[in-house]
1. Compute the Rg to Rh ratio over the chain from the alpha carbon atoms, using the Kirkwood formula for Rh, and round to two decimal places.
2. Give a residue-ordered list of calculated ³J(HN,Hα) values for region 79-86 (Karplus: 6.51 cos²θ - 1.76 cosθ + 1.60, θ = phi - 60°; whole Hz; x for Gly, Pro).
3. List the aspartates and glutamates whose Cα lies under 17 Å from the Cα of LYS236, skipping any in the same chain that are fewer than 8 positions away.
4. When Lys and Arg each count +1 and Asp and Glu each count -1, what net charge do the other residues less than 15 Å away from ASN161, Cβ to Cβ, add up to?
5. Quick check for me: using +1 on Lys/Arg Cβ and -1 on Asp/Glu Cβ, what's the dipole size of region 117-267 about its Cα centre, in debye to the nearest 20?
6. Give, as a single signed number, the net charge of other residues whose beta carbon lies under 11 Å from the beta carbon of ASP183, with Lys and Arg counted +1 and Asp and Glu -1.
7. Express in whole angstrom the spacing between the alpha-carbon centres of region 136-187 and region 48-109.
8. Can you tell me the dipole magnitude for region 6-284 around its Cα centre, using point charges on the Cβ only (Lys, Arg +1; Asp, Glu -1), in Debye to the nearest 20?
Amino acid sequence: MSIPKNHHYISQAHIKNFFNKEKKEIYLFDKDQNRHFKKNTTKSIFSEKNLNTKRTINDEYDYSTIEEELNQNFEKDFPGCVEIVKKLVETDKLDDDAHEALLYLAGYGLIAELRTPARKRETDNALKNGMKIIMEMGTEELKSAYKRHFDFNDEVKYSNNLDYIKFAHDVINAMGDLILSVDIPENENDYFILPDFGAATMRGRINNYFNPDALDRVYIGLPLTSKLYLHFSSSKLKSLPRPPGIHRVTTNHVYYLNKENYDYSRQIIACENEHYLQDFVRKINPEYT
């Protein structure tokens, strides 16, 4: 049995919440090519071959470990958590199940952008440049280890050393209690888009560190479905980015959130509704036809 090498940086369980189930299509826009297109599957969207492949100590290729860890801790229970959030919206009752589901989704949102090819590449380049001078003065053994660590090819494209589970756990602990705000379009013809970084985070100073420039993540913005947008804010913030609670939001507010995600996206955005996406792009760029 062949091992899958097409690795998603936005989970298919997430992408499917922006898939038009009636028409069996998802609609996308490429900023670089200024082009609309559509897919009838989520398998080839927001993915890259060997994105999560690692090199073992025996110089073999490990295609599965990161994929399995992501599935077990951030993807397998994603659909169930979405259903719990929908129930929360209907009942406005934050029970234990809802609390656990929200923590799960917050963790997913925290690691979302770190999974993308661009962020992995930037992290590796920063580490490589930071270690270059030290390695040039190091022993031959150290130089060999340095070369091996950054010896990328078509099978191993990134170092993939981040422990996503520990990272999410540590950041949530640093944020303290999370304050939830949920946005729901009041106009049925409005839709949230899914950008190619999955979820947004913001940094701020909420804890004291020896390094005065050290910042924590203080906010997570997660477009969960076409009709649900989650905002998680640290309770340590003096001023919250969004008021807590469940809010029916205007067309302008939906556009504002989508515009921010469009601006920050690297290249591709996705939407459940073709007409909304086309109108949205035209509003941003009136010259687009």
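The values are calculated or read from the model by the stated rules, or taken from the named source; none is laboratory data. As the structure is a computational prediction, the values presented were derived from the model and not from experiment. In this analysis, Cβ positions are derived from the backbone assuming ideal geometry, glycine residues included, and neighbour counts consider all displayed protein chains. Calculation scope for accessible area: heavy atoms of the full protein, side chains included, ligands and nucleic acids excluded. Shrake-Rupley method; radii C 1.70, N 1.55, O 1.52, S 1.80 Å.
1. 0.99
2. x, x, 5, 4, 5, 5, 5, 4
3. Straight-line reach from LYS236, under 17 Å: ASP170, ASP177, ASP216.
4. Numbers: positive: LYS54, ARG55, ARG115, ARG119, LYS120, ARG121, LYS128, ARG148, LYS157, LYS166; negative: ASP62, GLU69, GLU122, ASP124, ASP151, ASP163.
Residues near ASN161 contribute +4 overall.
5. Approximately 280 debye in magnitude.
6. Working: positive: LYS227, ARG242, ARG248; negative: GLU186, ASP190.
Around ASP183, the charge tally is +1.
7. Answer, in whole Å: 16.
8. Once rounded to the nearest 20, the dipole reads 740 debye.
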